[in-house]
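Written below as structure tokens is the structure these notes are about.
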Amino acid sequence: QLYETDAECKSLKPYVPLIKDSPLYPVVLDANDTVMSLPPIINGDRSKITLDTKHVFIECTATDLTKANIVLDTMVTMFSQYCASPYTVEPVDVIYKNADVITNSYTTPALSTRKETAKVDFVNSLIGIELEPRQMLTLCN
């Protein structure tokens, strides 16, 4: 109720209904059980980015795990081009606990690949330039 009524928390109010009636609340902890974030309400001080930041923790929470993983893979890939070693990332183990019992776990980001089929005209309409099929093949390989 504090997040809905306290004037200092007014920027958080729109997010409270997302979890208000949930029997469980998400908490992101690091390996030392330090709170990194209470999504979707607030992020922790330890994960804030400054001009001196050298390590970026990218976290994505959602009610649909598949969509969350797609968004996370996209964000991680986009940020990774700016790494000291471009396009490198460190995996994170996600561990679900209930009363200190591990109920599920997996490593993320998945960064899985998939094949897509698209017509040349459609691809050209997306990228805003006109390429011939052979030019596309050359650029994709």
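Numbers below:
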| read-out | value |
| --- | --- |
| Matching residues, the stretch 34-60, being at pLDDT below 80 and open to solvent by 70 Å² or more (accessible area, probe 1.4 Å) | 35, 42, 43, 45, 46, 48, 49 |
| From 141, 104, residue being closer than 21 Å to residue 74 by Cα, polar (S, T, N, Q) and either loosely packed, with under 10 Cβ neighbours inside 10 Å or modelled with pLDDT of 90 or more (or both) | 141 |
| The listed residue being within 29 Å of residue 52 (Cβ to Cβ) and of a type in the set (S, T, N, Q), out of 74, 66, 113 | 74 |
| Meets criteria (under 26 Å from residue 18 (Cα atoms) and surrounded by 10 or more Cβ atoms within 10 Å (Cβ to Cβ)) for residue 123 | no |
| Conditions (1) surrounded by fewer than 14 Cβ atoms within 10 Å (Cβ to Cβ); (2) under 30 Å from residue 32 (Cβ atoms); (3) at pLDDT 90 or above: number failed by residue 96 | (3) |
| Residue that is nearest to residue 38 (Cα to Cα), among those in the stretch 61-87 that are open to solvent by 90 Å² or more (accessible area, probe 1.4 Å) and among the β-branched types (Val, Ile, Thr) | 63 |
| Pairs with Cβ under 6 Å, 6+ apart, first in the stretch 78-96 and under 22 Å from residue 28 (Cβ atoms), second of a type in the set (S, T, N, Q) | 89/80; 91/107; 92/108; 93/107; 94/108; 95/105; 96/103; 96/104 |
| Those residues of the stretch 10-33 which are at pLDDT 70 or above, loosely packed, with under 12 Cβ neighbours inside 10 Å and within 16 Å of residue 61 (Cβ to Cβ), in sequence order | 17, 20, 22, 24, 25 |
| Count of the stretch 107-116 residues which are open to solvent by 80 Å² or more (accessible area, probe 1.4 Å) and not polar (S, T, N, Q) | 3 |
| Which listed residue is at pLDDT 80 or above and out of contact with any Cys (no Cβ under 9 Å at 6 or more places or on another chain), from 7, 110 | 110 |
| Qualifying residues in the stretch 84-141 (those that are under 20 Å from the mean Cα position of the chain (by Cα) and acidic (Asp, Glu)) - the one nearest to residue 60 (Cα to Cα) | 93 |
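The values are calculated or read from the model by the stated rules, or taken from the named source; none is laboratory data. Source: prediction; values computed, not measured. Neighbour counts run over all protein chains shown; Cβ positions are idealised from the backbone, glycine included. Each accessible area value is taken on the protein alone, full model and side chains, heavy atoms only, with ligands, DNA and RNA left out. Shrake-Rupley method; radii C 1.70, N 1.55, O 1.52, S 1.80 Å.
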